[in-house]
Amino acid sequence: MSRIGKLPISIPAGVTVNYDNDSHVCTVKGPKGELSQWIDPSIKFINADGHISFEIDENSPVNVKQKQAFHGLYRSLVHNMVVGVSAGYTKVLELVGVGYRVSNQGNLIEFALGYTHPIFIQLPKEIKVETKSERNQNPILTLESCDKQLLGLVCAKIRSFRKPEPYKGKGILFKGEVIRRKSGKSASAK
C-alpha cells in the first residue's frame, strides 16, 4: 500500500471537487482557476465530509504493483490541483550573467542571454508573468499559475535556454538555488 495514497486531502473553503464516474475525470474549481485530471478506474475516488480519499479497487484487472503506484500518483495529482486552485504556485527565476536581460509584454517574454539574437517565448494564458530589473541586481522573472505541472514544464523550458554552469555560476537559476562551483584549470605541479 502507498503511504502517500492513504493520506486524505482536506478541501479548503471556496473549492469544489466533482468526480464523474463514467469518464473517471476529477474536476477541481476554486478562486484561482479550474483543473481536471483523469483517474485510472483501478482507483476508487471517495469524496465525503470535506475530505477526499483514494482506495485501490481489488476487482480491477490491473496488476497489484501498478495499482499501488497509481494509488499514490493520483492522490498527489489531485492534492496538487486542490492546492493550485486555492493558493496557487509561484516560481521565481533569476538571470545571472553580464548583459542578461528579460522583459515581457503580456505573456510574450523576451530574453537577452548573451546570444547574437534575442529569444522569445509565448507563455500559455494560464500562467501570469512578471519581470523585474533593478540597477546592480540580477533580473528576476516571476511565474504564477494554478497548474503545477504546466508551471514546472515552462520553467524547465526557460532554464534550457541557459543552464547554470559550475565554473562562473552563470545561467538561469531558481531564486535561492546554490550552484556547486568547480575550480578551473590549475597550474601544473612541478
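Of the residues making up segment 125-134, those that are more than 10 Å from Val102 (Cβ to Cβ), in a loop (DSSP other than H, G, I, E, B) and open to solvent by 40 Å² or more (accessible area, probe 1.4 Å) are Lys125, Glu126, Glu134. Based on this model, can you work out whether Glu110 counts as part of a strand (DSSP E or B), closer than 30 Å to Lys29 by Cβ and not hydroxyl-bearing (Ser, Thr, Tyr)? No; evaluated as a whole, the condition is false for this residue. Which one of these does Leu123 not meet: (1) under 16 Å from the mean Cα position of the chain (by Cα); (2) under 20 Å from Lys170 (Cβ atoms); (3) without any contact (Cβ under 8 Å) to a residue 40 or more places away in the chain? For Leu123, the failing item is (2). Could you list, in sequence order, all residues of segment 1-19 that are assigned to a strand (DSSP E or B) and farther than 24 Å from Gln68 by Cβ? Thr16, Asn18, listed by residue number. Under the condition of being small (Gly, Ala, Ser) and modelled with pLDDT under 90, the residues counted in segment 5-39 number 1.
Is it true that Lys175 is in contact (Cβ under 8 Å) with a residue 40 or more places away in the chain, out of contact with any helix residue (DSSP H, G or I) (no Cβ under 6 Å at 6 or more places or on another chain), open to solvent by 60 Å² or more (accessible area, probe 1.4 Å) and over 28 Å from Leu35 (Cβ atoms)? In short, no. Can you spot a residue in segment 145-152 that is under 25 Å from Ser76 (Cα atoms), in contact with a Pro (Cβ under 7 Å, 6 or more places away or on another chain) and among the hydrophobic types (A, V, I, L, M, F, W, C)? Within segment 145-152, one or more residues are under 25 Å from Ser76 (Cα atoms), in contact with a Pro (Cβ under 7 Å, 6 or more places away or on another chain) and among the hydrophobic types (A, V, I, L, M, F, W, C). Could you count how many residues in segment 51-100 are open to solvent by 40 Å² or more (accessible area, probe 1.4 Å) and more than 27 Å from Phe174 (Cα to Cα)? Total meeting the criteria: 12.
The values are calculated or read from the model by the stated rules, or taken from the named source; none is laboratory data. Computed from a prediction, not measured in an experiment: that's the story for all the values here. Note that each Cβ is placed from the backbone with ideal geometry, even for glycine, and that neighbours are counted across all protein chains shown. The area values use the complete protein model at the heavy-atom level, side chains included, leaving out ligands, DNA and RNA. Shrake-Rupley method; radii C 1.70, N 1.55, O 1.52, S 1.80 Å.
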